[in-house]
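A quick write-up on the structure given underneath.
The values are calculated or read from the model by the stated rules, or taken from the named source; none is laboratory data. In this text, all values refer to a predicted model and were calculated from it rather than measured experimentally. FYI the Cβ positions are ideal-geometry reconstructions off the backbone, even for glycines, and counts take in every protein chain you see.
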Amino acid sequence: MSLLVCRSLHKSFAGQTILPPTDLCLAPGSLTVLIGESGCGKTTLLRLLAGLLPPDGGDILLDGRPCAGPGPERLLLFQEDTLFPWLSVAENVGFGLRAAGLPAAERRERVARLLDAVGLAEKAKALPSALSGGMRQRAALARALALRPRLLLLDEPFAALDALTRGRMQRLLLDLRAQSGQTMLLVSHDVDEACRLADTVHVLAAGRGITASYVPPLPQPRAPEDPRLAAARTTLRRMLADSVRG
Amino acid sequence: MRWTAIHLLPWLLPLLLLGGWAGVCGLALVPDWLLPSPWRVLETLTAYLGMNTTKNAGWSGCFWPDAAASLGRVACGYALAAIPAIPLGLLAGRCAWAERLLAPSLNGIRAVPGISWLPLVILWCGIGFVATVTLIALAAFFPVYFSAAAGAASVPSSLTATGRMLGLSRAAVFRRVVLPWAMPQLAAGLRVALGFSFAYLVLGELTGVPDGLGARIMDARMNGQADLLICGIVCIACLGAACDRVLLLLLRRLPGMVR
């Protein structure tokens with residue numbers, strides 16, 4: 001059974017169709033990447049799934065049940081920095097747990113475990129301003145995972161990072177997914193990133209929704225120098241170019 | 001910056017000013033009744049503070065009741081401004097309809113110079129406590145309102161969205177995300193408003209109230225006592241700076257100020 005099912009989900013702004021009726025299924029524990037040119041509706045689809053935008057029509061079913069509005073079961077990790085700058089790293093990570101009314105001891109334990117997992121145990125008391133961009137994204141990732149969401153939505157979360165940090169963050173994401181079996185839907189316009197991370201890649205085209213899907217034919221972990229990865233990149237680039245041409 | 005520079009730099013300008021003042025008086029470039037020497041002002045100040053019993057004038061030791069009267073007026077006027085300005089500003093910053101309702105009128109009223117209100121306030125409230133407090137409230141309202149509105153409007157939508165996704169209700173997002181985010185801007189507005197309050201305190205007290213630092217300055221002018229007049233100005237400056245310091249210490253304890 002699919003964890004998430006979207007049927008005919010669509011959205012327009014000021015009479016312009018941003019996302020035409022789109023169907024999408026996500027299996028539990030899968031890592032799916034949405035790829036496409038700028039303005040093709042990737043972020044809109046993610047925001048609809050997160051409940052941050054009301055759809056014009058269509059259904060979103062999570063575990064078979066309709067869902068609307070934002071909630072901790074579908075968390076979106078933004079590209080920009082969304083840590084609360086007046087809270088320490090540990091307070092940021094425990095923010096949602098506190099809102100959920102988790103007892104302090106359990107909260108502390110879960111925060112410590114997550115900070116350890118993302119390599120920020122030593123920065124627990126630091127303010128976000130004292131962290132690098134990569135550290136801030138790791139803290140935001142830990143905060144999202146703290147609530148154990150059913151679905152983690154990632155909107156180009158590593159786009160603003162340098163290549164080295166981005167590579168480390170991608171490895172961290174794969175490690176966390178291997179440990180927790182977290183279902184993830186990631187938006188990217190980086191073909192390398194899509195081929196490296198995804199179980200399935202969906203290609204979006206402006207005004208046409210999902211035009212093609214691709215399953216990279218190689219298991220995880222995928223070494224950057226693996227020739228099959230290079231072949232997958234070539235295939236995906238071709239699909240992307242075909243999709244843009246229409 | 002080195003320790004000496006950090007601690008000595010704030011004193012440099014006042015010391016230069018004092019040195020220039022002493023030089024002008026020492027060389028008798030200005031008559032004493034127009035600009036008394038710093039030493040004479042210091043002597044008057046100690047008498048005004050009640051620390052110099054050798055100088056016995058009607059105003060000796062009157063600083064404390066004057067300061068209490070002035071601070072009481074500032075506190076009332078400031079509270080009268082800040083209490084409605086904070087919620088109204090925050091509301092205008094977050095709700096488009098509130099902004100559209102309030103902004104045109106408040107922008108218009110803000111453009112009126114404070115001194116223009118004085119005749120109307122005296123006409124309506126007479127001379128005294130109510131008029132001074134009304135003037136202070138009018139002056140202090142706008143910096144608080146506009147800073148609160150700007151602070152609340154500047155919250156990134158991704159931050160409020162994150163709050164909602166992390167399980168906060170709309171009210172909790174306002175309390176735990178919007179308010180702390182807006183706090184530094186709001187604090188800046190509150191500090192500016194406090195400065196305005198002291199400025200308008202003097203304006204209000206110059207109109208003929210019986211006590212207060214502004215009234216003392218006015219009396220000194222009528223009696224040609226430049227030394228007492230300067231004392232009054234120095235006292236207001238020190239009191240204003242001390243109040244700002246206390247306000248800053250209080251504001252720093254609020255969520256969102258340290259980041």
Take A:LEU52 and decide whether it is without any contact (Cβ under 8 Å) to a residue 40 or more places away in the chain and within 14 Å of chain B (Cβ to nearest Cβ).
-> yes
Filter the range A:161-178 down to residues that are more than 20 Å from A:ARG113 (Cα to Cα) and of a type in the set (Asp, Glu), then give me how many there are.
-> 1
Regarding A:SER30, is this residue within 18 Å of the chain's Cα centre (by Cα) and within 18 Å of A:VAL203 (Cβ to Cβ)?
-> yes
Counting only residues that are in a loop (DSSP other than H, G, I, E, B), buried (at least 19 other Cβ atoms within 10 Å of the Cβ), small (Gly, Ala, Ser) and away from every other protein chain (no Cβ under 14 Å), the range B:207-259 contains a total of 1
Lone unmet requirement of (1) surrounded by 17 or more Cβ atoms within 10 Å (Cβ to Cβ); (2) polar (S, T, N, Q); (3) under 30 Å from B:VAL155 (Cα atoms) for B:THR44 = (3)
Run down B:SER147, B:SER154, B:SER197 and say which single residue is under 21 Å from B:PRO84 (Cα atoms) and surrounded by fewer than 17 Cβ atoms within 10 Å (Cβ to Cβ).
-> B:SER154
Do the conditions hold for A:ALA160, that is, is it modelled with pLDDT under 90 and either within 14 Å of the chain's Cα centre (by Cα) or not in a helix (DSSP H, G or I) (or both)?
-> yes
If we scan the range B:193-206, do we find a residue that is hydrophobic (A, V, I, L, M, F, W, C) and either over 12 Å from the mean Cα position of the chain (by Cα) or not in a helix (DSSP H, G or I) (or both)?
-> yes
Going through the range A:66-83 in order, the residues found to be among the hydrophobic types (A, V, I, L, M, F, W, C) and either touching a His at 6+ places or on another chain (Cβ under 7 Å) or within 7 Å of chain B (Cβ to nearest Cβ) (or both) are A:LEU75, A:LEU76, A:PHE78
Would you confirm whether any residue within the range A:102-122 is within 30 Å of A:MET1 (Cβ to Cβ), within 11 Å of chain B (Cβ to nearest Cβ) and outside any helix (DSSP H, G or I)?
-> yes
Return yes or no: is A:LEU87 modelled with pLDDT of 95 or more, under 25 Å from B:ARG170 (Cβ atoms) and in a helix (DSSP H, G or I)?
-> no
Verdict on B:LEU102 being part of a helix (DSSP H, G or I), in contact (Cβ under 8 Å) with a residue 12 or more places away in the chain and over 30 Å from B:GLU205 (Cα atoms) = yes
Of the candidates B:ALA172, B:ALA193, B:ALA199, B:ALA188, the one satisfying the condition of being touching a helix residue (DSSP H, G or I) at 6+ places or on another chain (Cβ under 8 Å) and within 13 Å of chain A (Cβ to nearest Cβ) is B:ALA172
Picking from A:LEU26, A:LEU48, A:LEU97, A:LEU34, the residue that is surrounded by 18 or more Cβ atoms within 10 Å (Cβ to Cβ), assigned by TED's automatic domain parsing to the domain that holds A:ALA140 and at pLDDT 95 or above would be A:LEU97
Evaluate the following for A:GLY133: is it within 12 Å of chain B (Cβ to nearest Cβ) and on the phi < 0 side of the Ramachandran plot?
-> no
Taking A:LEU173 as the residue in question, decide whether it is touching a Ser or Thr at 6+ places or on another chain (Cβ under 8 Å) and touching a residue at least 12 places away in the same chain (Cβ under 8 Å).
-> no
